Structure formats: C-alpha cells, structure tokens
Amino acid sequence: MVAEQLRPHGVTDERVLEAMASVPREEFLAPRMRRHAYEDRALAIDCGQTISQPLVVALMTQAASPQPADIALEVGTGSGYAAAVLSRLCRKVITIEREPALAEQASQTLVVALMTQASSPQPDDIALEVGTGSGYAAAVLSRLCRKVITIEREPALAEQASQTLRRLGFENVEVAVGDGSQGWPSEAPYNVILVAAAAGSVPQALIDQLADGGRMVIPVAVSAHEPQDLRVYLRRGADVLYRSLFPVLFVPLRTG
Ligand code: SAH
C-alpha cells in the first residue's frame, strides 16, 4: 500500500507513511470485506457509508500536518480507520459520528485495543477472558500471551466463536461455556483477566484467581445513571489496587 498507492501519489511525510503502515485496515471492515482491505478504493461499511480510500486518508492527514502535542477533531467517524491513523500522529483525537450504530462499532474496536493494552499481556502469561462473544478480543489477546481461556455463558456464541478461532488457527485459545463471574478455577491463577461485560461490583472469584502481579481489566457499573468505569486492578501480594481508565458502555455481566 505504502510503496504502490501512497508514495507515488504525493504522500511523502514519513510519519504519515509509518502511521498508515501500522494501522491494520482490515480490522475496521466486516469479515466479508476484509480481503479487499488494501485495494486502492473506498469500501462499503454499515449504514450505507464508506471507509475512504487509503490514499485519501493519507493525503488528508498529511495536509493537516498533525503534530505530537496536537488535539484533533474529526467529523464523520465511519469505521474509525482515519481516526486511528490520526491518533498515531497527535496527542488526542475526538471523532464525531451521527449514526449511532457506526459510532458504537468504531468505539468497540478501539476499546478492545485499549483494554488489551491496559492488561499488559506478556509472552509467558496465561489469560482469562469473561464474555467471549465473537471471539475477536480473545484472538487479539492470544497473539500476546501463551494461553487464553475465554468463558461465554451463551452456548451458541461459544460454539461459533470456537469454530471461528479454530478455522483461523488460533490454537492457544480455549472456549468454555459457563458463568464467568465464577472464573475458571482449574487453570488459575491468571496473569491477565479481561472482563467484557459490566459488573455492579467485581466478582470475588475473579479477584481470587488473579496471580501476584496480575492485571484485571473490567468495566464496573457504579450507578444506573452513569456510564460504567473501565478499571484496571493490580494484585501485589494480598493487596489489590485499581485505577480508573475511562467511561465505557458494555452489556451487563449476567450472573447465576
Ligand atoms: N469479547 C467479545 C465481546 C463480548 S460482549 C468480542 O470480542 O466479541 C459480552 C459477552 O459477555 C456476551 O457475549 C455475553 O453473552 C457474555 N456474558 C455476559 N455475562 C456473562 C457471564 N456471567 N459469563 C460469561 N459470559 C457472559
């Protein structure tokens, strides 16, 4: 993409070229569109909208000369792809989308990336995810640690995710069916725990299954009228401390 589409057509800023090379464009597309991700054209996304052609994103970004300390506003998030490119080049990006479904989808992609980063996964770690859903977050996490166990309470979702993961060759992910608020004691303790559904309070079983030095990222529903608080809990011996990351909106963690 960089050598064939961008450089010959006037994208010369090395930082912009690096940002374009580092953002996986396929992640911003529906699975059936992914094989077209690097073609030199705009592609359809949901709500009858499009993800811009790579060259257009690169030229617009370059023309705006984003600097590392800058704050940027983008109007029209769409897939979130251009915002992701821009975010590599400045301090903060605020992006506005009028279609709620698109805004929701784009922010989910970003939230997976930020949650994964907050849990600092290491190559020898064993990780537990609660709420497999599609299996996407488990797939991302599995690239960063030794083994991932992911629990889903809906058997149909667990089955589908497990098939997807197997088909794509993610061999270090195990999908289990059950109530993830109880954790998965047989492989505990875990260095990383990611919870993809919001709890009113952090389940004690998950705290108990967090290894010394382990990190748990979990959305906590502090009150019915406020967004949930995404937190990272850190265990140091018998002490468990947390810090708040940012407000989020996840489906509820259903227990029992
Ligand atoms: N990580 C997922 C998104 C998960 S959405 C992905 O990458 O696609 C949250 C999921 O949590 C839903 O699939 C829901 O069925 C599941 N869930 C809710 N409560 C749960 C519980 N107690 N145990 C396990 N899964 C739960």
*asked:* Stokes-Einstein diffusion coefficient for the chain at 4 °C in a medium of 1.567 mPa s, Rh from the Kirkwood formula over Cα pairs: what value in µm²/s?
replied: 66
*Percent antiparallel among DSSP beta bridges with both residues in the range 48-151, to the nearest 5?*
0
*Grab the Cα-Cα distance for residue 75 and residue 41, subtract it from 0.36 nm times how many residues apart they are, and report the gain in nm with one decimal.*
10.2 nm
*residue 21 paired with residue 33, simple spin-label distance in nm, labels 7 Å along Cα-to-beta-carbon*: 2.6
_Degrees, to the nearest 10: 155-167 long Cα axis against longest axis of the chain_ = 60
_For 45, 149, which order do you get if you count the other beta carbons within 10 Å of each Cβ and list the fewest first?_
45, 149
*Compute the normalised compactness of the range 35-76: alpha-carbon radius of gyration over 2.2 N^0.38 Å, N being the residue count.*
1.39
*FRET efficiency for residue 7 and residue 251, using Cβ-Cβ distance with R0 set to 45 Å, rounded to 0.05*: 0.55
*In the neighborhood of residue 58, defined by Cβ-to-Cβ distances under 15 Å, what is the net charge if each Lys or Arg adds +1 and each Asp or Glu adds -1?*
-2
*Under Karplus coefficients 6.51, -1.76 and 1.60, residue-wise ³J(HN,Hα) of the range 204-220 in Hz, glycine/proline x*: 4, 4, 6, 4, 5, 8, 8, 5, 4, x, x, 10, 10, 10, 8, x, 10
*When Lys and Arg each count +1 and Asp and Glu each count -1, what net charge do the other residues less than 13 Å away from residue 104, Cβ to Cβ, add up to?*
-2
_Residue-span extension gain [residue 98 to residue 208] - 0.36 nm each, minus C-alpha spacing_ = 35.4 nm
*Using just the helices of the chain, give the 222 nm mean residue ellipticity in deg cm²/dmol: DSSP H runs with n ≥ 4 each add -39,500 (n - 2.57), and the total is spread over all residues, rounded to 500.*
-8000 deg cm²/dmol
*asked:* Angle check, please: helix 100-118 long axis (alpha carbons) against the longest principal axis of the chain (alpha carbons), in degrees 0 to 90, nearest 10.
replied: 60
*Euclidean distance between Cα centres, the range 76-110 to the range 1-73, Å*: 13
*Theoretical FRET efficiency, 1/(1+(r/R0)^6), r = Cβ-Cβ of residue 187 and residue 64, R0 30 Å, to 0.05*: 0.05
*Fewest first, what order do 95, 164 take by the number of other Cβ atoms within 10 Å?*
164, 95
_Please list 3J(HN,Hα) in residue order for the range 2-14, calculated via the Karplus relation 6.51 cos²θ - 1.76 cosθ + 1.60 where θ = phi - 60°; whole Hz, with x for glycine and proline._
4, 6, 8, 9, 9, 3, x, 10, x, 8, 10, 6, 4
*asked:* Quick check: from the Cα gyration tensor, does the range 1-125 come out rounded (a/c under 1.5), prolate or oblate?
replied: rounded
_Amide H contacts of residue 53 (H built 1.01 Å from N, under 5 Å, at least 5 apart or other chain)_ = 42
*With everything on Cα atoms, drop me the angle between helix 54-63 and the longest principal axis of the chain, reported from 0 to 90° to the nearest 10.*
80
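No value in this document is a laboratory result; all are computed from the given coordinates. Fair warning: this is a prediction, and the values are worked out from it, not measured in the lab. So basically every Cβ, Gly included, is an ideal-geometry build from the backbone, and we count neighbours across all protein chains shown.
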